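Shown next, in structure tokens, is the structure this report addresses.
Just so it is clear, none of the values below were taken in a lab; they were calculated from the coordinates. On a predicted model such as this, the values are computed, not experimentally measured, just so you know. Cβ sites come from the backbone with ideal geometry, for glycine too, and all protein chains shown count toward neighbours.
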There are 2 protein chains.
Amino acid sequence: MGLGIGDIQTTKNTANLVADALRSAIVQGKLLSGQSLKQDEIAAEFKVSKIPVREALVQLQAEGLVSMIPSRGATVAELTLIEVDEIYTIRVAMESIALRKAIPFLTPKEVIEAERILENIDHETDMTKWAELNWAYHETLYRPSKMYRLIQITKNLHNNVARYLLNNYLDKTYLEESQRQHRQLLENCKDGDINAAIATLEHHLGDPVAIFAEILGKN
Amino acid sequence: MGLGIGDIQTTKNTANLVADALRSAIVQGKLLSGQSLKQDEIAAEFKVSKIPVREALVQLQAEGLVSMIPSRGATVAELTLIEVDEIYTIRVAMESIALRKAIPFLTPKEVIEAERILENIDHETDMTKWAELNWAYHETLYRPSKMYRLIQITKNLHNNVARYLLNNYLDKTYLEESQRQHRQLLENCKDGDINAAIATLEHHLGDPVAIFAEILGKN
DNA sequence: TTTCGTAAAATCGTATACGATTATATGTTT
DNA sequence: AAACATATAATCGTATACGATTTTACGAAA
């Protein structure tokens, strides 16, 4: 049956809940890159034993958010600019595939949902929620592709760069430009213009990389 | 520091070893799709407790090889043909990126290694080892790209379809054709002809999908 | 026979405990 | 003071134990 976003998620076990909490903290930048993640500390914080904490860390390591070295512990994964660039390169390819496949199957349902999310983004001031809405918007456009694996991989990559975005990048000028691009992308999708949509997406995902490179150049 | 194939892997813990063993068994088809993976059984088999077994299962779930439902256990992940198709679509995109980035940095070292692997494939009769060598060949060509995340993701995808390949697909005709394509790809790479290399790769990765679709049509 | 309910068995989930490994502190020698 | 050795503390890794959940077996009722 595979993955699939619509899968019935029964109840989560403790490890899943811990992983969710740690993932949020990392993506939001509350846990900084390189910071050590001590099993006992985390276990105490969540009032659980180390067993589910270890499982959560293994999960997050697989997602690229945590680095683990046997017997030496876990840390919040660090990202070099080269890796950020790699991630955006992968994202452009993956999300282009998703768009190409999804656009012919896009229905008013997704369009309306996307528009609703864009309005929420307009009024959102909390950057953490902004990042969540940002991904929710993109995923809405990709979902009709039914390429759930691709979407999951891309979401992980998005989580990995979200920290960079939130810490180094977001100013009002960018946020407005980002929204303009979101709206243009949605227009392209509504028109069924796949090539235009992909071009807009490439532009949209290229901007952050350009700015990161500039930041790097200054140091 | 990130992932990176060259990372110093200190000693592996028990969970890593169990994950390695289970991964091999799944990729080789010794554990069949849908088969349940009981923690106590696996723990007894490897003469360890359930704790590292659970961590191994979480790891393999993240790789897409295992499905887990809380309180109900783990099974070897099943793959629909639609998912196999999705995986090959992603692989073509990812490996094209890797080739494009790698070819300008390809050195005689990788060329010689790739040729050596191809000779080994010629003489390999064990299909399990054939699959390993097959990936080793591809990875050799991608490594100069230094896109270690992309390579890791792609390797996982390869592992996911290897079962299909090994069970439904491999006959002498295909193996010979596959090797012809491998050698053509290597020539394209040596020539520095990126577009030709990508075209060969697309053809190489398209063949299995076509055959799978044919199998599906019969059922 | 089928359906339902209940009891028993199997299996999962995790807290506790303790040995193993690594990191840190302290003192000694050069 | 710097380098090394040793002792101590901190942390990781996992076996054991036991409660919780799910599955299975079995008998009663429809």
> So which of B:83, B:78 ends up being touching a Gly at 6+ places or on another chain (Cβ under 7 Å), facing chain A (nearest Cβ under 10 Å) and within 28 Å of residue B:17 (Cβ to Cβ)?
Replying inline: B:78
>> Between A:99, A:157, A:150, which is crowded, with 20+ Cβ neighbours inside 10 Å, more than 10 Å from every other protein chain (Cβ to nearest Cβ) and in contact (Cβ under 8 Å) with a residue 24 or more places away in the chain?
In response: A:99
>> Step by step: first the residues of region A:165-219, then only those that are β-branched (Val, Ile, Thr) and closer than 16 Å to residue A:79 by Cβ, then the one that is surrounded by the most Cβ atoms within 10 Å (Cβ to Cβ). Which residue is that?
In response: A:209
>> Anything in region A:32-42 that is under 18 Å from residue A:70 (Cα atoms) and either within 14 Å of another protein chain (Cβ to nearest Cβ) or away from DNA strand D (no atom under 12 Å from the Cβ) (or both)? List them, or say none.
In response: A:34, A:39
